[in-house]
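The values are calculated or read from the model by the stated rules, or taken from the named source; none is laboratory data. Note that the coordinates shown come from a computational prediction; the quantities given were computed from them, not determined experimentally. FYI the Cβ positions are ideal-geometry reconstructions off the backbone, even for glycines, and counts take in every protein chain you see. Keep in mind that these areas ignore ligands, DNA and RNA; they rest on the heavy atoms of the full protein, side chains included. Shrake-Rupley method; radii C 1.70, N 1.55, O 1.52, S 1.80 Å.
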Amino acid sequence: MIADFHFLRPWWLLAILAAIAIPWLASRQSDMRLRWREMIAPQLLDHLVSDDPSKGRLRPYHLTAILIALGALALAGPTWQRELPPFVQDEAPLVIAIDLSQTMDAIDVTPSRLERLKLKVHDILAARPAARTAIIAYAGSAHLVLPLTDDAALVRTYVDALATRIMPVAGKNTTVALAAAEKALANAQAPGTILLMTDGVDTPSFEAVTRFSSQNNVILLAIGTPEGGPVKTSDGNFASDAAGNRLFAKLDVDALKRLQSAGDFSVATFTSDDSDVRWIVDRIKTHFAQKAAEAETRWRDFGWWLTIPVVLLAALSFRRGWVVRWAGILLAFHLVASPDMSMAADLSFGNMWLTPDQQGRFAYERGDYPGAAAHFKDSEWRGVSLYRAGKFSEAVDAFATQDTAEAWYNQGNALLHLGRLDQAVAAYKRALELRKDWPEAKANLAIAERLVSLQKQEEQEQQQDPNLKPDQVQFDEKGKQGKKGQVNVAEQAADIWMKNIAVSPADLLARKFAIEAGGARQ
């Protein structure tokens, strides 16, 4: 520790010279003997000049010198330890690969293996607030449900929509699931974790899984019982195998033990309480801490601890208006010099001590998104706040002031909420032009293009036979009493269509997976 001690900003130590000079100059100025020794003989000076009774006491200039010295030491930045850079500790990306093969509908775990895993995902999200999570669904093929996001509510919505029936390729392929998870973490810029939530590894993938090696942490949480249970279908009946016998799924514990001993990752089985969730979260934190320790660190600045004695000593200076008088002068100067009189009149704590962007950030972290948008001067943060507040049209205008990949990506998200699908597609494409191979933008672009395709299909179906007979004809006898107006039919149709799409995310995922699987086979 002593060998590593040094100052981060040593030039501030020169201010200590001022702390030494102030008492010396002040003592010379108050020394009456020094003033009169040129005019009065030394033998008379001792009898004519009396000693100052306050000599030896703590004077204001002594306090000022101590404050300057402590402030200089604090600003110089004493340090002897290293630490991780800020904001890195809060980022531990997690990709959850959920098995949607047929056996996940087994009811040996109530209500079923899949439904119980969904509850575990909810618990994991609750244990990792504000952390980024991605979702992969896999059976015979693997598909990205959501890229890394810190929106836990969105993750819960899509996890709840998962079902075995939405997978386009039957079977189970753990190898492609791991590959998809690795791809989702490719641009995470932080050590991540892959969590496989399954009832076992398929035999063809077993050897490849045991040889799987990654810089990311891999955890397998197995669900099921060794006794097993029947597998139910989506219509409530029991599934059967090729021979017509009832399909019965068991958890192969021995295979899991072989996998743990041979593979480079951790394996555990689910529990009825939250001990498995706590184990998973601890593993994620431990892996992240180990990898982060290997990353570049910086010297920890201990100078801020010296601000505590500085504040305590400064409190002693509030005597007979000594500091209050100067504070009043500074406040008056602030009021007179302020170019904005409305700002000068607003003497709230926030305006006096925090910048508008700092006030906006404080409101944003408290969840007051409208208030944050009102404070932010930064257009990107103002747009994010408006987006969180549900003011998507205003958010588009805020994001439009910048020509960055992030701004165009956020514009696309807001336009998608507004139902302006073609503009959303254009925004995502522009984001990808500025930032190549951005997985989040690619995923949202695919969703937007699919929505545009579905909208065009529905419009074509409605136009194919416009002369269909109505089911019922009814006349409005009071129609003449109404007022003339205009109705934007296109906007109403778009709103109704978007609401119908949002009702069934499971169907949307099923169509997305089918398109991806079809493209892969081609």
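Over region 399-445, what is the relative contact order in whole percent, taking alpha-carbon pairs under 8 Å and six or more residues apart? Each step should come with its number before you reach the end.
Numbers: 51 pairs, mean separation 16.8, N = 47.
Relative contact order, region 399-445: 36 percent.
Which of 285/512; 120/250; 391/429 have a Cα-Cα distance over 26 Å?
Values: 285/512 33 Å; 120/250 20 Å; 391/429 23 Å.
Long pairs (Cα-Cα over 26 Å): 285/512.
Provide the per-residue ³J(HN,Hα) series for region 194-199, in order, calculated from phi with Karplus coefficients 6.51, -1.76, 1.60 and θ = phi - 60°, each as a whole number of Hz, with x at glycine and proline positions.
10, 10, 8, 10, 8, 10
In nm, what is the difference between 0.36 nm times the number of residues separating residue 275 and residue 506 and their Cα-Cα distance? Display every interim value, and only then the final one.
Values: separation 231, 0.36 × 231 = 83.16 nm, distance 3.00 nm.
Contour length minus Cα-Cα distance gives 80.2 nm.
Which value in nm describes the separation of the simple spin-label points at residue 461 and residue 282, placed 7 Å from the Cα toward the beta carbon?
Taking the simple label geometry, residue 461 and residue 282 are separated by 5.3 nm.
Provide the solvent-accessible area of residue 456, counting protein heavy atoms only and rolling a 1.4 Å probe, rounded to the nearest 10 Å².
110 Å²
At 0.36 nm per residue, and after removing the present C-alpha to C-alpha distance, how many nm does the segment from residue 403 to residue 261 gain when stretched out fully?
Values: separation 142, 0.36 × 142 = 51.12 nm, distance 5.13 nm.
Once the chain is fully extended between residue 403 and residue 261, it gains 46.0 nm.
Exceeding 23 Å between C-alpha atoms, which entries from my cross-link table qualify? They are 118/232; 118/456; 183/456.
On the way: 118/232 17 Å; 118/456 34 Å; 183/456 32 Å.
Too far apart for the 23 Å limit: 118/456; 183/456.
Rounded if a/c is under 1.5, else prolate if a/b is larger than b/c, else oblate: which is region 371-459, with a ≥ b ≥ c the root eigenvalues of its Cα gyration tensor? Could you put the intermediate results ahead of the total?
On the way: a/c = 2.71, a/b = 1.50, b/c = 1.80.
Note, shape of region 371-459 comes out oblate.
Given H placed 1.01 Å from N in the peptide plane, which residues other than close sequence neighbours of residue 136 have an amide H under 5 Å from its amide H?
96, 97, 98, 145
Evaluated at 10 °C with a viscosity of 1.306 mPa s, what Stokes-Einstein diffusion coefficient in µm²/s does region 70-175 have when Rh comes from the Kirkwood expression over alpha-carbon pairs?
Working: Rh = 16.3 Å.
Estimated via Stokes-Einstein, D reaches 98 µm²/s.
When the accessible area of region 76-174 is split by element with a 1.4 Å probe, what percent falls to carbon and sulfur? Intermediate results must be reported in sequence, preceding the final value.
Working: 1990 of 3650 Å².
Using a 1.4 Å probe with all protein chains present, region 76-174 comes out at 54 percent carbon and sulfur.
For labels at residue 234 and residue 299 in the simple 7 Å Cα→Cβ model, what's the distance in nm?
Those two pseudo-labels are separated by 6.3 nm.
Quick one: accessible area per residue over region 123-213, 1.4 Å probe, rounded to a whole number of Å²? Walk me through the intermediate numbers first.
Values: 3510 Å² over 91 residues.
Per residue, region 123-213 has 39 Å² of solvent-accessible surface.
Evaluate the Kirkwood expression for the hydrodynamic radius of region 194-314, namely the inverse of the mean inverse distance over all pairs of different C-alpha atoms, and round to one decimal in Å. Walk me through the numbers on the way to the answer.
Values: mean 1/r = 0.0540 Å⁻¹.
By the Kirkwood definition, the hydrodynamic radius is 18.5 Å.
To the nearest 10 square angstrom, how much accessible area does residue 434 have with a 1.4 angstrom probe?
70 Å²
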